[in-house]
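Just below is one structure, and these are the notes that go with it.
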């Protein structure tokens, strides 16, 4: 217990140090706020329009713990290492696929949905704060680049209402047929966005952003400067990743985080599994 506390304190100190030297725009994730049933990030940037879904944290049974490779997973481009980004994208795809084919109770399905919903909010909010906003500043004189960012933001905006209405359906105990229809629509919309982002936006971001900005993106999507967010997001994202992907992602984390992942985060995640 003392060792875990010491590791957590060491990781917290490391994150505070990173925060102190980070760019102003990457200091923290915006806290999501709800606007008429739709989630949006708390930001004053005019390019981040209200209505997007912002964007956790259990494990599934051992029989499911096989590597899942997405056909959309991109290769590393230039200075950017998108291993964590694509692991999170694949985990979002995985959860939606499993929610569409549940073999367990409605209670287990709803618990899985909550995990997915929370991770989606956190992830989209992190992208808004750490990726799209600084990229837009870099692409001020590039109409094609600006158009691509507009498309990314519009796609976020379209995901929000689908996520909100699906959550309401789970909360109200909607008919399984209705839930399946909503989940299918959400999967279509989200997987299309993720494929577009991976094919076009991430390679562009890797070319125009500095190493420091790329590091800020990685920190943001694994939980920003909050240890509790990383403790939930990292094991969830790596639950079905290949050994190579796990090694790449863990190599991006500070040593205390890697030790906590192996000794605390992953075991706790596995204990709290709710199989579908």
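Tally time: how many residues in region 188-203 are more than 15 Å from the chain's Cα centre (by Cα) and surrounded by 19 or more Cβ atoms within 10 Å (Cβ to Cβ)? Before the answer, list the steps.
Initially, region 188-203 is screened for residues more than 15 Å from the chain's Cα centre (by Cα), giving 188-189, 192, 196, 199-201, 203.
Those left that are additionally surrounded by 19 or more Cβ atoms within 10 Å (Cβ to Cβ): 201.
Residues meeting the conditions: 1.
With respect to residue 102, determine if the residue is farther than 24 Å from residue 244 by Cβ, at pLDDT 70 or above, in contact with a helix residue (DSSP H, G or I) (Cβ under 9 Å, 6 or more places away or on another chain) and part of a loop (DSSP other than H, G, I, E, B).
Working: farther than 24 Å from residue 244 by Cβ: yes; at pLDDT 70 or above: yes; in contact with a helix residue (DSSP H, G or I) (Cβ under 9 Å, 6 or more places away or on another chain): yes; part of a loop (DSSP other than H, G, I, E, B): yes.
In short, yes.
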Quick check on my filter: what residues within region 229-276 are under 17 Å from residue 82 (Cβ atoms), touching a helix residue (DSSP H, G or I) at 6+ places or on another chain (Cβ under 6 Å) and assigned to a loop (DSSP other than H, G, I, E, B)? 238, 241, 252
Being within 21 Å of the chain's Cα centre (by Cα) and surrounded by fewer than 17 Cβ atoms within 10 Å (Cβ to Cβ) is the filter; apply it to region 169-187 and report the residue that is nearest to residue 136 (Cα to Cα). 185
Out of (1) assigned to a helix (DSSP H, G or I); (2) modelled with pLDDT under 95; (3) out of contact with any strand residue (DSSP E or B) (no Cβ under 8 Å at 6 or more places or on another chain), what's the single condition that is false for residue 214? (3)
Meets criteria (closer than 19 Å to residue 116 by Cβ and buried (at least 21 other Cβ atoms within 10 Å of the Cβ)) for residue 232: yes
Does region 101-148 hold any residues that are loosely packed, with under 15 Cβ neighbours inside 10 Å and closer than 22 Å to residue 158 by Cα, and which are they? 144, 147
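Which one of these is closer than 17 Å to residue 96 by Cβ and either at pLDDT 95 or above or touching a strand residue (DSSP E or B) at 6+ places or on another chain (Cβ under 8 Å) (or both): 112, 121?
Values: 112 fails: either at pLDDT 95 or above or touching a strand residue (DSSP E or B) at 6+ places or on another chain (Cβ under 8 Å) (or both).
Only one candidate qualifies: 121.
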When residues of region 175-211 are filtered for being out of contact with any helix residue (DSSP H, G or I) (no Cβ under 8 Å at 6 or more places or on another chain) and not in a helix (DSSP H, G or I), how many remain? 2
Search region 241-258 for residues that are at positive phi and at pLDDT below 95 and pair each with any residue that is surrounded by fewer than 15 Cβ atoms within 10 Å (Cβ to Cβ) and in a helix (DSSP H, G or I) when their beta-carbon atoms are under 7 Å apart and the residues are at least 6 apart or on different chains. none
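The values are calculated or read from the model by the stated rules, or taken from the named source; none is laboratory data. Everything quoted here is computed from the prediction, not taken from an experiment. Using ideal geometry, Cβ is built from the backbone for each residue, glycine included, and neighbour counts are taken over all protein chains shown.
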